[in-house]
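Heads up, the thing below is written out as structure tokens.
The values are calculated or read from the model by the stated rules, or taken from the named source; none is laboratory data. Keep in mind it's a predicted model, so treat the numbers as computed, not measured. Reconstructed Cβ throughout: ideal geometry from the backbone, glycine too, with neighbour counts over all protein chains shown. In case anyone asks, the SASA skips ligands and DNA or RNA and just uses the protein heavy atoms, side chains included. Shrake-Rupley method; radii C 1.70, N 1.55, O 1.52, S 1.80 Å.
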2 protein chains.
Amino acid sequence: MYAAILAGGSGTRLWPLSTKATPKQFLRLPGPRTMLQETVHRVGPLAPAEQTFVVTSGDYRAEVRAQLPELPAGNVLVEPAPRGTAAAIGLAAALIAARDPQAVMGVFSADHAIADVESFRAAVAFGERIAAQGYLVTLGITPTYPETGYGYIRYAAPIAHEGGIAAYAAEAFVEKPKHPTAEEYLRAGCYVWNAGIFVWRVDHILAEMRRYLPALADVLDEIGAVAATGSQDAIERMIAAVWPRLRDTVTIDYGIMERASGIAVIPTSVGWNDIGSWAQVATLFDTDELGNAVVGLDERHYCAVDTGDTLLFSTSGRVVATAGVEGLIIVDTGDKLLICSKEHVQKVKDVVAEMQKRGHG
Amino acid sequence: MYAAILAGGSGTRLWPLSTKATPKQFLRLPGPRTMLQETVHRVGPLAPAEQTFVVTSGDYRAEVRAQLPELPAGNVLVEPAPRGTAAAIGLAAALIAARDPQAVMGVFSADHAIADVESFRAAVAFGERIAAQGYLVTLGITPTYPETGYGYIRYAAPIAHEGGIAAYAAEAFVEKPKHPTAEEYLRAGCYVWNAGIFVWRVDHILAEMRRYLPALADVLDEIGAVAATGSQDAIERMIAAVWPRLRDTVTIDYGIMERASGIAVIPTSVGWNDIGSWAQVATLFDTDELGNAVVGLDERHYCAVDTGDTLLFSTSGRVVATAGVEGLIIVDTGDKLLICSKEHVQKVKDVVAEMQKRGHG
């Protein structure tokens, strides 16, 4: 199998740890590997390094190369400008198809955590076989609570099963629901979270792009033609030449998945976490009996008196003491400090907006 | 008038800002002067620099000299070891008596804040006149709420009054009360907080020490004898020689005030604050409409989203952001960070104890 790892994100929801200069995929969360390294490691037994592609932006090329020295240089694909996941996935598909037109590719985000790696690999391997039969396969995450921050996928008839893993016909990709709707989905038992994990044949996804996103398909055809014979330099020159013709920014969900037929969904329970907020970071770490997690400081450097349900995350080594606090996220990066209640982690984006106004890019 | 300023405290209730190396009296709270400088400045119109004595420990002599260059070197008195406020006050009284046996001295703490300096000076000046008549005078603070952390003084018959200020006969010095008792005191209207502010003739207080604390009086007599004629060096050698004879550590309250007769109390409302906790520090600063005070950071360096009733005190200049928090004390000194709820500021002492265990003296 080939793997396409999307590593172009520049989110700042984990400010001040994640910044535009060092977004989430390059951080050691929970460690010891960075999230990007962990993603490559996770798919390693399914896709060898020479068949693993990373799609990123020019700003991050050097960091990706530094973190993944085992990847051939030509496997780090740089988008001249972000044009959504459809274009990023299409770019990888075109390059892979130039090498092996019938290849199966998996699509993975570089900044998601997965607790149960063995189950994940088994589900992807099963997905690979279903994809080879002509399905667009997506791994869905069986919901454990009525999350309103994710899209859902409704599924119906079973397509195939193998060793406790089953694939179903996807009926609909649905937007982030309101809370009562999310509760219905949870009860219904035929909805999964859309985690952005896909498996398909490259010729299949490129054919769907030709049908639903013809402007993108034209661009990918030109890149694919050079990729079949050209040098890495020639490929990059062609990408630079044709990429500006992409006017729209389109997600794979909106561009393809919500329109295409023949989609199979594999419900999984693999401990998936998109680490979209500090509250979700907190769930990555073991806590003491009071619900506290301390990351980056040894016992000599912190002291918690009457403190509960609090994450203290430090990269500075400075001494930190808390007293009489509950449900806090404390992040100390040395030059920046965030103190946020777990209930209000969504407000970190307001903090970042304010900070940008104040000149702290 | 002479002034004796007690500046030997080494409290750490304002950790991590105050430490043994830099206790509260040497800090700019609320600034721009340090608390010690502010105390000298406050009594300046009543006691000139050459009549102002500071009693401190050897560790702090250099800091006191540096902060108060206007004081003669011989006016900085060093206790070889702390033996309570009775000994500290006695030392100042003995040195002052050697110069002027009938002098009136005021006793002030170097680490208390007073908002209404004019009223304070008027009350002390009135106290000076009462003291000259032969009273041991104490300025009491009219309570504004049922504080359980202070001692109280009950008073009865009026002794004298002048321009809206009155002195009453003190009936009893009482210990820190439980809450219901503190409420009774507040309602009764004849109790004031014992703020440790005294005015008396030096011969009077030395006579009381002779009566109630004869071992201390013996030591003071020897120091006083040298002080009358000796050099600063000779005085310090004598202090070093006789101070070890003081075995007990005795407060002026327990040693003298609770036993002596002829005590006058002057109730005052001068905005006194002993800054005994971070919650009290918070009251020193203006707040915005949400109850937040930011000290040490300009607007470019902090960002408060959905934050209320919070004190952010920084000496580090690092960027700080808060989101969704209420009623916090945040103190950032660069190498140490405290995050404490206002309700639990008393637990800072537990933090300090823990930190000491962990080797952070």
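Here are the numbers for this structure:
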| item | result |
| --- | --- |
| In the range A:184-209, the residues that are among the acidic types (Asp, Glu) and either at positive phi or touching a strand residue (DSSP E or B) at 6+ places or on another chain (Cβ under 9 Å) (or both) | A:Glu184, A:Glu208 |
| Residue identified as within 14 Å of chain B (Cβ to nearest Cβ), open to solvent by 10 Å² or more (accessible area, probe 1.4 Å) and in contact (Cβ under 8 Å) with a residue 12 or more places away in the chain among A:Gly271, A:Gly291, A:Gly296 | A:Gly296 |
| The range B:331-354, subset under 16 Å from B:Gln280 (Cα atoms), more than 7 Å from every other protein chain (Cβ to nearest Cβ) and in contact with a Ser or Thr (Cβ under 7 Å, 6 or more places away or on another chain), residue modelled with the lowest pLDDT | B:Gln346 |
| Residue among B:Ala103, B:Ala132, B:Ala81 that alone is farther than 28 Å from B:Thr249 by Cβ and touching a strand residue (DSSP E or B) at 6+ places or on another chain (Cβ under 9 Å) | B:Ala132 |
| Single residue of B:Phe285, B:Phe313 found to be buried (at least 21 other Cβ atoms within 10 Å of the Cβ), more than 8 Å from every other protein chain (Cβ to nearest Cβ), under 17 Å from B:Leu29 (Cβ atoms) and in contact (Cβ under 8 Å) with a residue 60 or more places away in the chain | B:Phe313 |
| Odd one out for B:Thr181 among (1) touching a residue at least 24 places away in the same chain (Cβ under 8 Å); (2) surrounded by 13 or more Cβ atoms within 10 Å (Cβ to Cβ); (3) out of contact with any strand residue (DSSP E or B) (no Cβ under 7 Å at 6 or more places or on another chain) | (1) |
| Residue list for the range A:23-73, restricted to those being over 28 Å from A:Glu128 (Cβ atoms), over 17 Å from the mean Cα position of the chain (by Cα) and assigned to a loop (DSSP other than H, G, I, E, B) | A:Pro32 |
| Tabulated pairs, the range B:235-262, first free of Cβ contacts under 8 Å to residues at least 60 places away in the same chain, second assigned to a loop (DSSP other than H, G, I, E, B) and open to solvent by 40 Å² or more (accessible area, probe 1.4 Å), C-beta under 9 angstrom, 6+ apart or interchain | B:Arg247/B:Arg83 |
| Some residue of the range B:320-330 being in contact with a Leu (Cβ under 6 Å, 6 or more places away or on another chain), assigned to a strand (DSSP E or B), more than 8 Å from every other protein chain (Cβ to nearest Cβ) and open to solvent by less than 50 Å² (accessible area, probe 1.4 Å) | yes |
| Residue within the range B:336-351 that is open to solvent by 50 Å² or more (accessible area, probe 1.4 Å) and of a type in the set (A, V, I, L, M, F, W, C) present | no |
| Condition met for A:Thr251 (facing chain B (nearest Cβ under 9 Å) and hydroxyl-bearing (Ser, Thr, Tyr)) | no |
| Check on B:Arg201, within 19 Å of B:Leu6 (Cα to Cα) and open to solvent by 40 Å² or more (accessible area, probe 1.4 Å) | yes |
| Qualifying positions in the range B:105-130 - buried (at least 23 other Cβ atoms within 10 Å of the Cβ), of a type in the set (A, V, I, L, M, F, W, C) and touching a Lys or Arg at 6+ places or on another chain (Cβ under 6 Å) | none |
| Selection count, the range B:1-35, where residues are modelled with pLDDT of 95 or more and β-branched (Val, Ile, Thr) | 2 |
| Residue in the range B:101-113 that is small (Gly, Ala, Ser), within 30 Å of B:Gly296 (Cα to Cα), in contact with a helix residue (DSSP H, G or I) (Cβ under 9 Å, 6 or more places away or on another chain) and not in a loop (DSSP other than H, G, I, E, B) present | yes |
| Unique match (being in contact with a Lys or Arg (Cβ under 9 Å, 6 or more places away or on another chain) and surrounded by 15 or more Cβ atoms within 10 Å (Cβ to Cβ)) among B:Val43, B:Val55 | B:Val43 |
